[in-house]
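For reference, the structure is listed below as structure tokens.
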Amino acid sequence: MARIACLAAVAFAMLAAPAVPPLQAQDADDHPIEGVWELNRDRSSFDPGSGPRSLMRRFAIDEEGYLVSVRITVTGNGIPTFAMARARLDGDDYPVWTDGAVYGYLSEGAEPGGTASFRAVDDRTLELTQKNAEGQVAPLSPNTWEVSADGNTLTVTTTGTNANGNAVNNVEVFDRVMVDTGG
């Protein structure tokens with residue numbers, strides 16, 4: 001049942017993304033983050049914890065210049081989750097559609113509560129800041145996303161204190177599994 005709900009949520013998010021109106025701001029253009037990335041658990045480190053069983057990310061620039069980000073995860077407990085955002089690299093807040101947000105939308109008409117903002121630090125590095133429904137910066141935000149000079153590795157560094165007050169130092173290393181040339 002959870003698998004069907006997750007797949008329905010992913011399909012909904014992909015269909016809903018084009019409905020977001022474009023903003024006049026910096027476009028993502030051709031950023032090296034475009035493509036499909038798979039977590040390399042052997043090269044990654046999670047402190048505390050062991051991290052997810054699997055994690056895939058897809059980034060594409062759509063026809064309106066938005067960076068479309070889709071994350072599909074299988075947690076350490078075996079639960080599939082997903083998140084999707086469509087944003088410009090301008091530091092503004094954009095809604096994040098998670099499996100829970102899609103369920104709330106489908107069952108109650110609720111809008112997604114959380115937001116994400118992406119900001120280009122340089123031509124290979126992005127900063128992601130996430131906020132909760134109250135607009136407060138989420139624990140472990142911001143974090144940095146850096147594409148290697150050869151374009152084959154994406155490193156996501158997350159440091160800080162989690163919601164339980166524990167220090168966190170995660171380095172997620174992703175291997176590029178497919179180049180993507182647009183939405």
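Taken together, the values in this text are just the output of simple stated rules run on the coordinates, not laboratory data. Since this is a predicted model, take the numbers as computed values, not measurements. Here Cβ is always computed from backbone atoms with ideal geometry, including for glycine, and neighbour counts include all displayed protein chains.
Details
- For region 70-177, the set of trypsin sites (Lys or Arg not before Pro) satisfying both a DSSP loop assignment and a count of at most 10 other C-beta atoms within 10 Å is empty.
- A Förster distance of 30 Å, applied to the separation of the beta-carbon atoms of Ser54 and Ser107, puts the FRET efficiency at 0.60.
- The Cα-based radius of gyration and maximum Cα-Cα distance (Dmax) for region 91-183 are 15.4, 46 Å.
- Val177 paired with Asp42, simple spin-label distance in nm, labels 7 Å along Cα-to-beta-carbon: 1.6 nm
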